[in-house]
Amino acid sequence: MVASLDRTIATPSFTRRMADRGVIGVLAILVAGLAGYLLMPNNLALLTQMIAVAMLVLSIDLVTGYCGVATLGHAALFGAGAYGAGIAAVHFGITDPVAMTAVGLLAGAAAGLVSGFVILRAHGLAQLVLSIAVIHLFHEAANKASGWTGGSDGLSAITPDAFFGAFEFDLWGVTAYAYGVILLAVVFLALQILVRSPFGMLARGVRQDQIRIAAMGASSHSVLLRMYVISGAVAGVGGALSAISTQVVGLDSLSFTLSAEALVMLVLGGTGSLYGAMIGTVVFMLFEDTLSAANPFHWLTIVGALLIAVVLFAPKGLYGSAAAFAGRVRRRPA
Amino acid sequence: MKSLFEVRNLNKKFGGLVVTNDVSISMAPGDRLALIGPNGAGKTTFINLVTGNLQPDSGDVTLGGENVTRLGPASRVHRGLVRSFQVTRLFQDMTPEEHVALAVLQREGHSGRMFGHYSGRAEVMDEVSAILDRLGLFDLRHLKVREIAYGQQRLLEIAMAMALKPRVLLLDEPAAGVPQSETARIEAALASLPADLAILMIDHDMDLVFRFAKRVVVLAAGTVIFDGLPKDVTQNARVREAYLGSYADAGSAA
């Protein structure tokens, strides 16, 4: 009936399909995880924290990079996950690490629902201000509820069980690190499926033109709120990982500073791409760690200079600009 | 014939400026209506009122007997009232295939699915390919929208509207900005739309209007000054007055 149906649909290359399905990303995470273990065996705590923050940055990417919502309050979701897992362990005796992660996921999702509900009332600058209000409210709530959270002393004495009774959380943090790498790979795979799905496509549409989305009969607000809940779940898993590995949760996990730094990491790596979010986190945190050791007085200056350089010369971020460059090279006729 | 779509006594003011003044229009299935009028006559405002992008000060819009005046744009689309835009509104870094697939998935209620790629669903892909092929966009289906010509983007606007399977379609200058050499393609696309679909088209290109429309409504300063057959419109004194001002008399005197 229709001529087009007879035409063969060009099959994308094998590498392309593997990249689309997230197989390459998962392999890259596992290889990078192994490399981190071999290269920095004495610094696994830092690497584990890096993974936890990477999940926060990924969760910001979902709402900012994919949906176009600017937020400076996203640590609220991460902190909710961290306190959720910590409180479950300290006050309710839920010390199984996987169960703690699940509690963190739910707490993060709930915080995502609440903060999304507030933040999505407004647009543009007002939205940004609301997001700052949200992080301050979460911070203050955790500070006041010191019976549950330990207030400004932090919530300590979180002692997760050994994994399946076999893998203890040792002093060197090997178990926590391995758990972190596996969690990140699972989260990445889930998000890769999400961003390729019809819902992911709809979210990209919301970022680009909400009037067009309405003209198609879809509700931008519903898409954004759902994405906020998913984003909260991801950040919550990151927070839970942080609680499990450091065995303490402090108010800094619910801070404006962490929110802003995580957004900077995202911009550094490149918004709208899962790889960009992860690369930005790794580069920023390695930079921070190396420079603050080498020059404790001026490292922030250098971080600032790096950021300016990226924004001016690679506005799509490290990964985004590299991907755009690779695309141009590939297309150039030989 | 029973009317499918009816606008009754619609009014809208922006400040002191009356942009829509007691406008009533009704359409039956299969109607081909052209809404014309000089610049600033309130044509696009009328479309925005009808689709729910703007709220009227008074008046009603009914679709299939249901009053939709208080519904938002998305709810009206669900009920079969679909529009295209005068200035193309597309997602710049998505492909034509993704646009049409998203519209088909949305219509079928599957656009919220969080797993699986649309290309894995044969029934979606068949429909998407058929629509793209009908509009001559099949070979461009994997390019990003910002890489295709403006005329092709206009066709993609129509493709998305078709993918939503409307009962009433409002086309806001479908050929605006398209080179003369490509308007034939757009006309062919319009001619291939389902016969029972009611279409209201705004355009400035009178050749296109006269070939397409079976009925013409003329809007001037927010008021309907003519509603009738295309062959009568050019002879109407009020229409000539609205378009040509005082030159209208000079023309008839000559």
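Worth pointing out:
- A crude spin-label estimate for the pair A:Phe325 and B:Gln235, with each label 7 Å from Cα along the Cβ direction, gives 7.2 nm.
- When all protein chains stay in place and ligands, DNA and RNA are ignored, the 1.4 Å accessible-area order of A:Leu46, B:Leu10, largest first, is A:Leu46, B:Leu10.
- Per residue accessible area of the stretch A:21-252, 1.4 Å probe, in Å²: 38
- Short-range pairs are left out: with C-alpha atoms under 8 Å and at least six residues apart, the relative contact order of chain A is 30 percent.
- For the cross-link pairs B:Lys13/B:Lys144; B:Lys43/B:Lys231; B:Lys165/B:Lys214, the ones whose C-alpha atoms lie over 32 Å apart are B:Lys13/B:Lys144.
- For B:Thr88 and A:Asp170, the FRET efficiency from 1/(1 + (r/R0)^6), where r spans their Cβ atoms and R0 equals 45 Å, is about 0.15.
- Equivalent-ellipsoid semi-axes for the stretch A:248-314 (Cα gyration tensor, √(5λ), whole Å, largest first): 19, 18, 11.
- The heavy atoms of A:Lys316 present about 120 square angstrom of accessible area, all protein chains included, probe 1.4 Å.
- Sorting A:Thr301, A:Thr64 by accessible area puts them as A:Thr301, A:Thr64; the probe is 1.4 Å, largest comes first, and only protein heavy atoms count.
- Max-minus-min Cα coordinates of the stretch A:21-252 on each principal axis give 56, 45, 26 Å, with the largest extent listed first.
- Modelled FRET efficiency - R0 35 Å, B:Glu66 with A:Ser13, Cβ distances, 0.05 increments: 0.10
- For the peptide A:192-204, the mean number of other protein chain Cβ atoms found within 10 angstrom of a residue's Cβ is 6.
- With the simple spin-label model, which puts each label point 7 Å out from Cα in the Cβ direction, the B:Ala195 to A:Ile302 separation comes to 7.7 nm.
- Amide proton proximity set for B:Met201, modelled H, under 5 Å, gap of 5+: B:Leu33, B:Ala34, B:Leu35, B:Leu171
- Long-range amide H partners of B:Thr223 with built H, under 5 Å: B:Asn21
- Probe 1.4 Å - accessible area at A:Ile132, Å² to nearest ten: 50
- Partner chain coverage, peptide B:99-105 - average Cβ within 10 angstrom: 4
- Gain on full stretching of the segment that runs from B:Met206 to B:Ser24 - 0.36 nm per residue minus C-alpha separation: 63.2 nm
- Per residue, chain B exposes an accessible area of 42 Å² to a 1.4 Å probe, with every protein chain left in place.
- In the stretch A:21-252, the portion of solvent-accessible area held by carbon and sulfur atoms comes to 71 percent [1.4 Å probe, whole percent, DNA, RNA and ligands not counted].
- Per the accessible-area calculation with a 1.4 Å probe, the total area buried between chain A and chain B rounds to 3100 Å².
- If you look at the Cα atoms of the protein assembly as shown, you get an Rg and a Dmax of 28.8, 102 Å.
- Near A:Leu46: Cβ cut-off under 14 Å, other residues only, Lys/Arg at +1 and Asp/Glu at -1. The net charge is -2.
- With K and R counted +1 and D and E -1, the other residues having a Cβ less than 14 Å from that of A:Pro160 yield a net charge of -4.
- Among B:Lys144, B:Lys165, B:Lys231, the sequence by solvent-accessible area, most first, with a 1.4 Å probe is B:Lys231, B:Lys165, B:Lys144.
- Normalised per residue, the volume of the convex hull around the Cα set of chain B (Å³): 141
- The A:Thr290 and A:Val23 beta-carbon pair, evaluated with R₀ = 25 Å, returns a calculated FRET efficiency of approximately 0.20.
- Fraction of accessible area attributable to carbon and sulfur, chain B (%, probe 1.4 Å): 51
- Coupling constants for the stretch A:73-87 follow from the phi torsions by the Karplus curve (6.51 cos²θ - 1.76 cosθ + 1.60, θ = phi - 60°), and in residue order they are x, 6, 4, 4, 6, 5, x, 4, x, 5, 5, x, 5, x, 5 Hz; glycine and proline get x.
- Sequence-distant contacts, meaning Cα pairs under 8 Å at least 6 residues apart, place the relative contact order of chain B at 26 percent.
- Every helix of 4 or more DSSP H residues in the protein assembly as shown counts as -39500 (n - 2.57), and over all residues that averages to -18000 deg cm²/dmol at 222 nm.
- The label-point distance for B:Ala176 and A:Ala35, in a model that sets each label 7 Å from Cα toward Cβ, rounds to 5.2 nm.
- Net +/- balance of residues flanking B:Thr51 in space, Cβ distance below 10 Å, scoring K and R +1, D and E -1: +1
- Per-residue surface analysis assigns B:Ser3 an accessible area of about 30 Å², computed on protein heavy atoms at 1.4 Å probe radius.
- Mean shadow area of the stretch B:4-147, taken as a quarter of the surface of its Cα convex hull (nm²): 11.0
The values are calculated or read from the model by the stated rules, or taken from the named source; none is laboratory data. All values reported here derive from a predicted model rather than from experimental measurement. Every residue, glycine as well, gets a Cβ built from its backbone with ideal geometry; the counts of neighbours run over all protein chains shown. Each accessible area value is taken on the protein alone, full model and side chains, heavy atoms only, with ligands, DNA and RNA left out. Shrake-Rupley method; radii C 1.70, N 1.55, O 1.52, S 1.80 Å.
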